[in-house]
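The values are calculated or read from the model by the stated rules, or taken from the named source; none is laboratory data. In this text, all values refer to a predicted model and were calculated from it rather than measured experimentally. Don't worry about glycine lacking a Cβ; one is built from the backbone with ideal geometry, like all the others, and counts go over all protein chains shown.
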């Protein structure tokens, strides 16, 4: 695997382990409890899992024609900057309809962990398929930022988890 992709993947895995560590001892009731109008911890993490699942499907599809796919450039760098800023601000965004429609809420921490392990395993298997000269190819389609490259996609995964982690931590606070 390309060393940059490996570093990004390792960073993602450490972040995921930290988030799952926060919920490992929670009961199903605790995971699924939520204030009215807000997602539960299980729904938040299921949303992250589904986002990565749909991303992996799209990446597999794009890998089939990667040689015909154009490279990202300065426009995508600016789009990524805007995307990063949007994820770091305490703003609410409506999740894309396809993501909402496809999200299955896993009710226990064991189920959440197992499903996320599966998806991350698929990502780990996919990343070595990217040759060094393919790292800038537009292989990922973000609903807002548009088509970006694999490194930017991994950066988005990291930012996306970072965006939702405060929600989880807030729900863990005693009320």
Kindly list the number of the only condition in (1) more than 20 Å from residue 146 (Cβ to Cβ); (2) in contact (Cβ under 8 Å) with a residue 24 or more places away in the chain; (3) assigned to a loop (DSSP other than H, G, I, E, B) that fails for residue 92.
(2)
Residue 86 passes all but one of the listed conditions (1) modelled with pLDDT under 95; (2) more than 25 Å from residue 151 (Cα to Cα); (3) in a helix (DSSP H, G or I); the exception is number (2)
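Quick check on residue 54: is it more than 23 Å from residue 28 (Cα to Cα), touching a residue at least 12 places away in the same chain (Cβ under 8 Å) and in a helix (DSSP H, G or I)? Working first, answer last.
Values: more than 23 Å from residue 28 (Cα to Cα): yes; touching a residue at least 12 places away in the same chain (Cβ under 8 Å): yes; in a helix (DSSP H, G or I): yes.
Here the answer is yes, as residue 54 does meet what is asked.
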Filtering region 119-175 down to residues that are more than 24 Å from residue 85 (Cα to Cα), in contact with a helix residue (DSSP H, G or I) (Cβ under 9 Å, 6 or more places away or on another chain) and not in a helix (DSSP H, G or I) yields 130, 131
Lone qualifier among 20, 12 - being surrounded by fewer than 18 Cβ atoms within 10 Å (Cβ to Cβ), touching a residue at least 24 places away in the same chain (Cβ under 8 Å) and either touching a helix residue (DSSP H, G or I) at 6+ places or on another chain (Cβ under 7 Å) or over 19 Å from residue 100 (Cβ atoms) (or both):
20
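For every residue, the table says whether it meets (1) part of a helix (DSSP H, G or I); (2) modelled with pLDDT under 95; (3) in contact with a strand residue (DSSP E or B) (Cβ under 8 Å, 6 or more places away or on another chain); (4) under 20 Å from residue 106 (Cα atoms).
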residue	(1), (2), (3), (4)
10	yes, no, no, no
13	yes, no, no, yes
16	yes, no, no, yes
38	no, yes, no, yes
